[in-house]
Each structure stands twice: as C-alpha cells, then as structure tokens.
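J.: The following block contains the structure, expressed as structure tokens.
The values are calculated or read from the model by the stated rules, or taken from the named source; none is laboratory data. All figures in this text were calculated on a predicted structure; none of them were measured in a lab. Neighbour counts are summed over all protein chains in view; Cβ atoms, including those assigned to glycine, are modelled from backbone coordinates with ideal geometry. These accessible areas exclude ligands, DNA and RNA; they are computed on the full protein's heavy atoms, side chains included. Shrake-Rupley method; radii C 1.70, N 1.55, O 1.52, S 1.80 Å.
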Amino acid sequence: MKKNEIQLLLIVIGIMFAFASWQFVYKNYQEKTTQVEAENVTIRERLDQLEMLNARQAEYIAETEQMKQDSDAIISTFPPGFRNEDIIMYLYNMELIDDNEVAISTVGMEAETEIPYSGILNVTGYTLQDDGLQLFTNTNTLTFTTTYNGLKNVINYVYGISTRKSVASVNLSATDDGYLAGTIAMNFYALTGTEFPYVETNIFGVPTGTTNFFGVINGTRADVVPEGEEGAEGEATEGEENAGGNAAAQ
C-alpha cells in the first residue's frame, strides 16, 4: 500500500473509533447523566419537602392533637344509642314547663335507621381508616296543642336539649278556640362505636321509677279487703274445715 492510502485508512479508522466512542460511550454516559440529574431534582424536591415537614413537626403534632380533641368533643355530644325512656322523659318535661303551654296527645316513635357515611376516605393518596363509627337517627312525631308563644318556647326547648336532635317538620292549624294544633317531627341522633359510655338521663322534676309496676292498690291486707268481708271469709273457711273433718270421721 502506498503511504497516502495508509494515512487515509488510519484517518477512516480514527473517525470510526471516534464515532463508536461517541455512540456507545459518551452518548450513553450523557443519557445516564441526564437521568441521574432528573432523579436528583426529584430527590431534592422530596428532601426539601421532608425538611420543611421536619421543621414544622411540633406544629403539626399540636394541630393533630387539637383536631383529635375537637373531634372527641363533637363525638361526645352524640349518645352511644337510643333509649325510649330518655326521649319520653324529654317529652314529659316539655309538658311540665308552664311557658311551653303545650298538651301532647300522642307520640309516634319510629325505629332507628342508619345514616351511611357519604364522605371521601381517600385523600391525595392517603386512605383514611374507618373507626367503625355508625350514625343512627330515629324520628318521633308528636301530636300536640299549644299557643303561639308556647310554640316558640317548644322550639327553643327542643334545641335546648343537650343530646343531638333536629326539628324535621312542623304542621299546624288554628283551632276554633284559638289554639294551634298539629304535629312536630323531631329527629334524635346516636353514634355507635365510640368509647363513650351511656349516661342515664336525669331531668329535675321528672319522676322516674315505680314501686307498683301494675298500678293497682298497694298496701296492707286491711287496705285491700273491705271491712266486714274478712269475717265472712273466716267463717266460710271454718265451715269448710268442719265439713272436711266430718267427712274424714265417716
């Protein structure tokens, strides 16, 4: 080969080597460098976020504790269940208050129904835990008679009850003697699955309990047996004993 051809061949080989180096070494290195730089940007953003969270850790812990206290305060206003005797006591006390000027003729109590949770339990990738709480409601419809001022006092009384409740509807009409008569539907609410125990309702002035379950005369034998009948009963018993003795002698 001539010297010029050898030089040209070396030049071609050098170009091919340079191209191969750029294609298989430098280009791959550049792609990996770009990929690493992109990953570093993501890691840096995440690191900055974690550093910010760490700097505000005490604040977040305090806010979380405050939210828990606020949540417990709301939950504590719901009773852990329904008891008809509690509702009856509230309604009985409603009549006892003179300013209400109300006379309740009938009370319709419906069975409790569950109110399903309709919120979102998944927020920005975090799934909230269902603590097993269930909200229930029952509707009590009263048929009553009152005055205009009494109606306002009744509404104030209902919303003054410490337990969770609401007025669902009120239907009234004027009577011939100038009173208001109709119905009022009240919803009571209960939250099950909480750690709060049931607390017995105690309303001052509302009597509870009884020593006479059947509502009959409750006293001594002298109170139950009228005067004069006890002697006749004794004579009849003595006659029966004599007749039995004669039959045995025979």
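J.: Just checking, how many residues over segment 134-153 are of a type in the set (A, V, I, L, M) and either more than 12 Å from Thr183 (Cα to Cα) or open to solvent by 50 Å² or more (accessible area, probe 1.4 Å) (or both)? Walk me through it before giving the result.
T.: Residues of segment 134-153 that are of a type in the set (A, V, I, L, M), as a first pass: 135, 142, 151.
Now narrow it down to the ones that are either more than 12 Å from Thr183 (Cα to Cα) or open to solvent by 50 Å² or more (accessible area, probe 1.4 Å) (or both): 135.
Count: 1.
J.: Is it true that Gly119 is touching a strand residue (DSSP E or B) at 6+ places or on another chain (Cβ under 6 Å) and at pLDDT below 85?
T.: Values: touching a strand residue (DSSP E or B) at 6+ places or on another chain (Cβ under 6 Å): no; at pLDDT below 85: yes.
In short, no.
J.: Take Glu39 and decide whether it is modelled with pLDDT of 80 or more, among the charged types (D, E, K, R), within 30 Å of Thr175 (Cα to Cα) and surrounded by 10 or more Cβ atoms within 10 Å (Cβ to Cβ). Can you show your working first?
T.: Values: modelled with pLDDT of 80 or more: yes; among the charged types (D, E, K, R): yes; within 30 Å of Thr175 (Cα to Cα): no; surrounded by 10 or more Cβ atoms within 10 Å (Cβ to Cβ): yes.
Judged against the criteria, Glu39 is not a match.
J.: Now for a separate question. Which of the residues that make up segment 165-189 are closer than 11 Å to Thr141 by Cβ, crowded, with 16+ Cβ neighbours inside 10 Å and more than 17 Å from the chain's Cα centre (by Cα)?
T.: Gly182, Ile184, Ala185
J.: Kindly indicate whether Ser162 is modelled with pLDDT under 85, under 26 Å from Pro197 (Cα atoms) and open to solvent by 70 Å² or more (accessible area, probe 1.4 Å).
T.: Details: modelled with pLDDT under 85: yes; under 26 Å from Pro197 (Cα atoms): yes; open to solvent by 70 Å² or more (accessible area, probe 1.4 Å): yes.
Here the answer is yes, as Ser162 does meet what is asked.
J.: Right, something else. Looking at segment 54-108, which of its residues are aliphatic (A, V, I, L, M), under 21 Å from the mean Cα position of the chain (by Cα) and open to solvent by 70 Å² or more (accessible area, probe 1.4 Å)?
T.: Selection gives Met67, Ile74, Ile88.
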